[in-house]
Every structure is written in C-alpha cells, then in structure tokens.
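The values are calculated or read from the model by the stated rules, or taken from the named source; none is laboratory data. Note that the coordinates shown come from a computational prediction; the quantities given were computed from them, not determined experimentally. In this analysis, Cβ positions are derived from the backbone assuming ideal geometry, glycine residues included, and neighbour counts consider all displayed protein chains.
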Amino acid sequence: ILNVEQSPQSLHVQEGDSTNFTCSFPSSNFYALHWYRWETAKSPEALFVMTLNGDEKKKGRISATLNTKEGYSYLYIKGSQPEDSATYLCASYTNAGKSTFGDGTTLTVKP
Amino acid sequence: GAVVSQHPSRVICKSGTSVKIECRSLDFQATTMFWYRQFPKQSLMLMATSNEGSKATYEQGVEKDKFLINHASLTLSTLTVTSAHPEDSSFYICSASKGGRGQQETQYFGPGTRLLVL
C-alpha cells in the first residue's frame with residue numbers, strides 16, 4: 001500500500017444495523033492514525049487518534065481497531081442511527097511528519 | 001471546548017486579486033495550525049504546518065510565495081492566496097492542535113472556506 005485507501009467509498013444501511021469500514025495505510029514509518037467524522041456543512045470532528053499496534057478505542061457506539069504491522073484500521077458503528085450519517089475520514093501520519101488522508105467512506109443511515 | 005472558526009466561509013474573487021483566509025482557535029491556544037486544500041472528489045491534502053511565531057513548513061509542491069501563511073498568535077493563523085487564478089479555486093480548511101505531541105495530537109478543524117476565482 002502506497003497511499004491511504006478507504007473502503008467502501010459509500011455505504012447505505014438501515015437504522016439499527018451495525019456496520020464497519022476499512023482504512024488501509026502504508027505500514028512502513030507509521031506514526032499515528034486519525035479517524036474523523038465529517039458531516040455536511042460542518043467541521044470534521046476528531047474521533048480517535050491511534051498509535052499502538054493492537055489499539056482498540058471506543059466512543060459510545062463507535063469503536064476502532066488498529067493493526068500497524070499489516071497497515072489497516074477498522075471503524076465499527078453499532079446500531080447505526082440517522083445522525084451517524086456522515087463521511088468518515090482516516091489520516092495516516094509517518095514518523096517523518098507526512099500526513100495522508102483517505103478519500104473517506106460516506107455512510108447514509110436510513111430511518 | 002476546542003472550537004476552530006474560519007472566515008470567510010465562501011469567497012468569490014477576480015483573477016489576479018489576493019484573498020486572505022483566517023483561522024482562529026476560539027477557546028484554546030493552538031501550538032500548531034495546519035492548512036489543507038481539497039479539490040472536488042479528492043481527499044484533503046496538507047499544504048503547510050505552522051507554529052506560532054515561526055515560518056510555516058510547506059509540503060512538497062506547494063508554492064510558499066503563492067500561499068502565504070502567517071501564524072502571528074496562538075489563536076490566529078492566516079492563509080493568503082496571492083494573485084489568485086481560477087486553478088486556485090478549491091476548498092481550503094484549517095485545523096489546530098493544542099499541545100506539542102505532533103501527529104499524536106488530536107486536530108480540531110475549522111468549517112472550511114470555499115474559494116472561487118473567476
């Protein structure tokens with residue numbers, strides 16, 4: 001992996017469904033991975049900053065895991081609600097200070 | 001807490017003019033501020049990193065004479081697009097971090113500025 005890739009590009013789920021999406025990043029020179037939620041017409045909101053292999057973080061119904069050796073992070077949303085509809089961005093940071101954002105996964109939760 | 005504002009939210013200007021965008025941390029002191037741009041259907045791309053009182057560090061390929069960044073205080077950074085041209089039309093967004101842990105710090109984003117150069 002040379003760039004940060006997020007999949008899927010978009011996702012439509014029903015209210016109450018649980019969902020997850022992936023951020024793949026270069027594992028060499030890894031320093032930190034950030035997850036953000038970006039609602040339309042608002043500022044991106046920081047969800048998690050992850051640095052250690054095996055890290056698991058949780059914020060309410062949202063959780064994330066990190067595998068720095070294979071270069072991926074999963075974001076999980078349990079029991080999706082319409083207010084979870086947003087674009088979820090990940091950004092990978094290297095120890096040389098380079099940051100690369102993924103294109104995001106756009107989640108739509110239908111009531 | 002940790003609110004970042006940006007002004008203006010939208011600006012239309014004529015080719016050849018300069019445009020200044022302000023980024024303010026409203027309720028915290030920002031050790032570091034970052035400037036990004038986003039082209040349609042593309043991801044955020046870091047343009048430069050600035051620390052209060054020192055010169056900004058620009059990413060490769062970003063012209064520092066074109067995109068002037070000033071971080072005059074711990075709560076204000078400005079990005080000036082000089083002699084703007086239509087190809088500079090883009091979405092510009094800033095973020096700020098509180099402490100000194102570099103990329104391990106949470107970044108707090110502003111709402112962005114949409115620039116259209118005619």
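Within the stretch B:75-85, can one find any residue that is within 14 Å of another protein chain (Cβ to nearest Cβ) and part of a loop (DSSP other than H, G, I, E, B)? So far as the stretch B:75-85 goes, no, none of its residues is within 14 Å of another protein chain (Cβ to nearest Cβ) and part of a loop (DSSP other than H, G, I, E, B). Across the stretch B:1-16, the qualifying residues are those that are modelled with pLDDT of 95 or more and among the β-branched types (Val, Ile, Thr), and the one among them that is nearest to B:SER50 (Cα to Cα) is B:VAL4. Residues in the stretch B:36-50 that are at the interface with chain A (Cβ under 7 Å from one of its Cβ atoms) and within 18 Å of B:SER77 (Cβ to Cβ) were compared, and the one that is farthest from the chain's Cα centre (by Cα) is B:LEU44. Please work out which one of (1) part of a loop (DSSP other than H, G, I, E, B); (2) within 21 Å of A:ALA96 (Cα to Cα) is the condition B:MET47 fails and give its number. Condition not satisfied by B:MET47: (1). Under the condition of being touching a Leu at 6+ places or on another chain (Cβ under 8 Å), modelled with pLDDT of 90 or more and either more than 19 Å from A:VAL4 (Cβ to Cβ) or of a type in the set (Phe, Trp, Tyr) (or both), the residues counted in the stretch B:31-47 number 3. Scanning the stretch A:17-63 for residues that are in contact with an Asp or Glu (Cβ under 9 Å, 6 or more places away or on another chain) and either away from chain B (no Cβ under 14 Å) or not in a strand (DSSP E or B) (or both) yields a total of 8.
When the residues of the stretch B:51-69 are filtered to those that are within 14 Å of chain A (Cβ to nearest Cβ) and out of contact with any strand residue (DSSP E or B) (no Cβ under 8 Å at 6 or more places or on another chain), the one that is surrounded by the fewest Cβ atoms within 10 Å (Cβ to Cβ) is B:GLN60.
Taking the stretch A:65-111 as the range and being under 18 Å from B:ARG37 (Cα atoms) and either of a type in the set (D, E, K, R) or assigned to a loop (DSSP other than H, G, I, E, B) (or both) as the test, the residues that pass are A:GLY97, A:LYS98, A:GLY102, A:ASP103, A:GLY104. Restricting the stretch B:17-35 to residues that are charged (D, E, K, R) and within 17 Å of B:ALA56 (Cα to Cα), the residue that is farthest from the other protein chains (Cβ to nearest Cβ) is B:LYS20.
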